[in-house]
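The values are calculated or read from the model by the stated rules, or taken from the named source; none is laboratory data. Note that the structure is predicted; figures quoted are calculated from it, not measured. Cβ sites come from the backbone with ideal geometry, for glycine too, and all protein chains shown count toward neighbours. Keep in mind that these areas ignore ligands, DNA and RNA; they rest on the heavy atoms of the full protein, side chains included. Shrake-Rupley method; radii C 1.70, N 1.55, O 1.52, S 1.80 Å.
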Amino acid sequence: MNLCELNDYEVIRQCLNGDEDCFAILVGRYKNLVYSVILRMVNDRDEADDLAQDVFIKVYKNLDKYYPDFKFSTWIMRIATNHVIDYRRKKRMETVSLDDMTHEEADKSFKAEESPESSLMRGEEKALITKVINGLPDMYKIPIVLYHHHGLSYQEISEVIDEPLSKVKNRIFRGRKMLRDNLAGQI
Amino acid sequence: MSNISCAFANRIIMKYMDGRATEKELALLRAHAGECPSCGEDLELYGRLMTDFNQECLEEAPDGFDDAVMTKIAALDITRESVQARVESFMCCASGVFSALIGVGVLLFLNKEPLLNYLAGNERFLNLIDVWASVSIFADRLSAGATAFMSSSAAAVAPYLSNARPTLLVAALALGFTRYILYKRVKPAKLGRND
């Protein structure tokens, strides 16, 4: 049987039965998701790289605690968000400098088919929105990022952050309002 | 003039942010936003946010990410305890506790005379004997009845048992052999291999 065709739980069982190389399949499947979410939260590519690696190691160590009641993606998101929150708490960082990120994002958004002026405007717009999103407290930012950037449902976010559905909806609603107000304040 | 309130327009905006607003609702919202500066600003700002949200946001993990993770994992020293191993360790603990209790019981039984002599000189204990007296009489009767029943049962079974020894031996061997066969068959399934 081709290992890549196995579902996540089957891969995990293979790992738990001693085939540790199978874990590379899970890393391959979820590295971009984990890295993207963490990058959105810390805004530093090197830091996100280190933290994402830590998350996979944490996942590996706790693989026997995974139960298929949850989707594996939900479980790994929960570990990733908790890990970043703990990390930031340790560093006592409430807000993150966005300068590096915004310049980087602005550079990335230049495209050949766009005029330099429109590319620049698009880059500035993106940088501005990134800035207001990152200005949100974690309790609002995490649900907003998971919902709007990564397409998780309210229910999945509720499982990731281990809070009731009503709280998730409320935080997303309030987070949007805060984004709107902050964006209006920046213009 | 649009016929929706600002509160209703706000609800449509939130539905729009959830990707659930219908074309009809959006048309109503646009009409309202054209006439209401406050809702117009809301729609413009939320629209800008949605434009950003709808862009591709999945970042590629850096090159060599997989290798870095797998190298770190290879350096880890993790011993995983299977469910079977946990059950076995629980059984070991339980049998340890049971053995300890048996041991204490045997020690108490062997030293019952000095212990009883000590208790006989203890006033507190003597006061308790009155309370236990009725229980003790009942326990004695029960014990005597059980002993008599066991003796009579053993005496009744003994003649048959002496003749049936070879049969019992064969049955025990057959049972042991069957268990061995079953154990050999079940073993791969217990390990949870799925291919």
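Place +1 on the Cβ of every Lys and Arg and -1 on the Cβ of every Asp and Glu in the protein assembly as shown, take the dipole about the Cα centre, and give the residue among B:Gly47, B:Ala61, B:Ala144 whose Cα lies farthest towards its positive end.
B:Ala144
Tell me whether the range B:95-162 comes out rounded, prolate or oblate; compute the Cα gyration tensor, take square roots of the eigenvalues as a ≥ b ≥ c, and use a/c under 1.5 as the rounded threshold. Before the final figure, lay out each step's value.
Working: a/c = 2.94, a/b = 1.56, b/c = 1.89.
The shape class here is oblate.
Under the definition of Cα pairs under 8 Å and six or more residues apart, what whole-number percent is the relative contact order of the range B:6-53? Please list the in-between numbers first.
Values: 24 pairs, mean separation 16.9, N = 48.
The normalised contact order for the range B:6-53 reaches 35 percent.
If each DSSP helix of 4+ residues adds -39,500 (n - 2.57) and the sum is divided by the residues in the protein assembly as shown, what number results at 222 nm, nearest 500 deg cm²/dmol?
Details: 17 runs with 289 residues, N = 382.
One gets -25500 deg cm²/dmol as the mean residue ellipticity at 222 nm.
What dipole magnitude, in Debye to the nearest 20, does the protein assembly as shown give about its Cα centre under +1 on Lys/Arg Cβ and -1 on Asp/Glu Cβ?
Computed about the Cα centre, the dipole is about 2040 debye.
Considering only B:Pro166, A:Ile161, B:Gly176, whose Cα is most displaced toward the positive end of the charge dipole of the protein assembly as shown, charges sitting on Cβ of Lys, Arg (+1) and Asp, Glu (-1)?
B:Pro166
For chain B, what's the relative contact order in percent, using C-alpha pairs closer than 8 Å and at least 6 residues apart?
10 percent
Using alpha carbons only, what's the Rg to Rh ratio of the protein assembly as shown with Rh from Kirkwood?
We get a ratio of 1.26 for the protein assembly as shown.
Filter chain B for me: DSSP H helices, axial length by Cα at least 15 angstrom, mean Kyte-Doolittle hydropathy not below 0.0. List them by residue number.
Qualifying helices, which must be both long enough and hydrophobic enough, are B:6-17, B:65-75, B:83-110, B:123-163, B:165-190.
Heavy-atom accessible area per residue, chain B, 1.4 Å probe: how many Å²?
Accessible area per residue: 77 Å².
Past 32 Å, Cα to Cα: identify those pairs from A:Lys71/B:Lys15; A:Lys58/A:Lys177; A:Lys91/B:Lys15, in the order given.
Pairs exceeding 32 Å: A:Lys58/A:Lys177; A:Lys91/B:Lys15.
Using the crude model of +1 on Lys and Arg Cβ and -1 on Asp and Glu Cβ, and no other charge, please compute the dipole size for the range A:5-53 relative to its Cα centre, in debye to 20.
Approximately 220 debye in magnitude.
With a sphere of radius 12 Å drawn around the Cβ of A:Asp181, what net charge do the other residues whose Cβ falls strictly inside it have (Lys, Arg +1; Asp, Glu -1)?
Result for the local shell: +2.
Answer with one residue from B:Cys36, B:Thr71, B:Asn3: the one whose Cα lies farthest towards the positive end of the charge dipole of chain B, charges on Cβ with Lys, Arg +1 and Asp, Glu -1.
B:Thr71
Hey, rough spin-label estimate for B:Ser95 and B:Asn54, points 7 angstrom out along Cα→Cβ, what's it come to in nanometres?
Spacing of the two 7 Å Cα→Cβ label points: 6.8 nm.
Just to confirm a number: summing +1 for Lys and Arg and -1 for Asp and Glu over residues other than B:Ala74 whose beta-carbon lies under 15 angstrom from that of B:Ala74, what do you get?
Charge balance near B:Ala74 sits at -4.
Based on Cβ point charges of +1 for Lys and Arg and -1 for Asp and Glu, what charge dipole magnitude is obtained for chain B about its Cα centre, in debye rounded to the nearest 20?
1780 debye
Could you pull the accessible area for A:Leu136 with a 1.4 Å probe, rounded to 10 Å²?
A:Leu136 has an accessible surface of roughly 10 Å² with all protein chains in place.
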